[in-house]
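What follows is a single structure, written as structure tokens, with notes after it.
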Amino acid sequence: MTQPSWAVLDEANFHYSYRIDKVRAEYQMWRSAQPITDVLTDEDWTMLSTVLYTQLGEPKHRLSRFLDALECLDRLPKVKAMVESTWLLDMNQLAAIESAVAEAPVAITDDDFFWQALDDDLIDRFTPTRPRQLTPTNSTIRKTVKATILSVEEAAAPDPEAPTPEGGPVPCDNPGALLSSLPPIEDQTNILLVEDLDDGQVRFDLTVDQATGTLLADAVKKAADEQECSQANAMIGLLQGVITTTVTTNIYQASDIPDAPTYHPSRGILTKEAADTLAELVTKTLDMNQAKDAATTSYETTPAIRSYLIGRDWTCRWPGCNRKAVTADADHRINHDDGGPTTAANMIMLCRHHHNRKTDRQVFYLVDHHTGDVYWFLPDGTWVVDQATGPLAPTQKRWVQTLHQRRIHRRERLAAKAAAERFDAYRGIIEAEPEPPQPRPYLPWRKPPDTPPRYIQV
Ligand SMILES: [Zn+2]
């Protein structure tokens, strides 16, 4: 088998037909439960969920989770067609898409451009490029959605160099009173809450901006590793000055693409503000193209080789594992003692748990050094391909290219939209009377309004 395919959709799998039947039936069941009009009030929702509970036996939280997932899917025509023709994704995976979308600002989810971009990005993620490829995990699905949100969000941000619109802000009567009622500017991002708990303990709740948080989290983690203590105790030690540490924070950014996003191994794609702040602190730049082919004679990786491996793998590479590569071990495919070199071509990142399984020789793998693909050979005689998801992996590099083009397209589109709005305003269209809301004549479950009443014979 050499055609690109998903391992889960291989008809030769023993479980294939059971899985397809289950995924299709579950999808159709939830489709049958989908309301045919918007559920606008709590009363509507209570009625609908009660009826569905009596007929499906599904609790309210699952009803809202899966009905929301289908509503979200209905805004993604390409993904919907793919789901209904292949049954690659089950309801849980569709719910993972929806829960990530739910975190997007309303201004973005109201925008068709976002849904088109998300449809394209998800189709890209759900198109196999290797034979027997592993399905993306829910965590990768959520990362894909978040990346799309970020790409649209940043492109939608106002251009600081753009001229101020005519008219400007409306002056208020007493600016002094308004200003004194607002919290001080420096307190708006970094907030510390100290709370006395009933059992005599004290709870600290610290919220900081992403750049500061990234530096603090890296320092606390490094101190905890060095002191072999919990991160909480490491933070206390650092605050009290009992311990000190020196930490290197690695960030990744493509140098050959303008406006390329910046990635941190724990935070993921950074906001523009955090990326700019951390970029100013950079003291050393590592060339990842060199690190890709670098070698050392020692068992331990050099900082550059480890940085490359983390940037390529991003998570533990064991099938289905989501643990972050930054906390994982670099595994020699061919053991160092057996002559295996300490180079990226012979290594992948594995979390401690899966590193132990691998050294038990329960499974074997091969690495394609060019693409970062890992071929896993499983105990049942089958094999699967895991694609790398880090910023140095080819799929992510391609996405960054797409992102750059999307930002240009989005800015052009926003400028055209603003021009059209000015034209509309000029013509007085905005003064037209809004359409009155239409009354809804029936409750929103799947029963057409002209269905005759149903009689039960006794
Ligand atoms: Zn793992």
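The values are calculated or read from the model by the stated rules, or taken from the named source; none is laboratory data. Just so we're clear, the structure is a prediction, and the values are computed from it rather than from any experiment. Note that we place each Cβ from the backbone using ideal geometry, even for glycine, and neighbour counts take in every protein chain shown.
Once the range 335-375 is narrowed to residues that are of a type in the set (Ser, Thr, Tyr) and more than 16 Å from the ligand (Cβ to nearest atom), the residue that is nearest to Cys316 (Cα to Cα) is Tyr375. The condition of being within 16 Å of the ligand (Cβ to nearest atom), closer than 14 Å to Gly390 by Cα and either in the same structural domain as Ile141 (by TED's automatic domain parsing) or buried (at least 18 other Cβ atoms within 10 Å of the Cβ) (or both) holds for only one of Trp318, Trp314, that being Trp314.
Restricting the range 23-44 to residues that are of a type outside the set (S, T, N, Q) and without any contact (Cβ under 8 Å) to a residue 12 or more places away in the chain leaves a set whose member that is surrounded by the fewest Cβ atoms within 10 Å (Cβ to Cβ) is Asp42. No other residue among Tyr263, Tyr308 is in contact with a Pro (Cβ under 6 Å, 6 or more places away or on another chain), surrounded by 12 or more Cβ atoms within 10 Å (Cβ to Cβ), outside the structural domain of Lys397 (by TED's automatic domain parsing) and modelled with pLDDT of 90 or more apart from Tyr263.
The residues on offer are Asp337, Asp329, and the sole one that is over 30 Å from Val8 (Cα atoms) and either in contact (Cβ under 8 Å) with a residue 24 or more places away in the chain or over 19 Å from the mean Cα position of the chain (by Cα) (or both) is Asp337. Testing Ala12 on (1) surrounded by 14 or more Cβ atoms within 10 Å (Cβ to Cβ); (2) of a type in the set (A, V, I, L, M); (3) more than 30 Å from Leu403 (Cβ to Cβ), one condition comes back false. Which one is that? All conditions are met except number (1). Between Lys292, Lys272, the distinction of being assigned by TED's automatic domain parsing to the domain that holds Ile305, in contact (Cβ under 8 Å) with a residue 12 or more places away in the chain and within 27 Å of Thr140 (Cβ to Cβ) belongs to Lys292 only. In the range 239-277, which residue that is hydrophobic (A, V, I, L, M, F, W, C) and assigned to a helix (DSSP H, G or I) is nearest to Gln396 (Cα to Cα)? Ranking the qualifying residues of the range 239-277, first place goes to Ala275. For the range 332-345, the set of residues classified as crowded, with 18+ Cβ neighbours inside 10 Å and small (Gly, Ala, Ser) consists of Ala344 only. No other residue among Ile269, Ile348 is crowded, with 17+ Cβ neighbours inside 10 Å, farther than 30 Å from Ile408 by Cα and under 27 Å from the mean Cα position of the chain (by Cα) apart from Ile348. Check the range 376-386 and report whether any residue there is away from the ligand (no atom under 14 Å from the Cβ), of a type in the set (A, V, I, L, M), surrounded by 20 or more Cβ atoms within 10 Å (Cβ to Cβ) and closer than 23 Å to Ala7 by Cβ. Yes.
Here Asp329 fulfils each of the conditions (1) of a type in the set (Asp, Glu); (2) farther than 22 Å from Ala7 by Cα; (3) away from the ligand (no atom under 16 Å from the Cβ); (4) buried (at least 16 other Cβ atoms within 10 Å of the Cβ) apart from (3).
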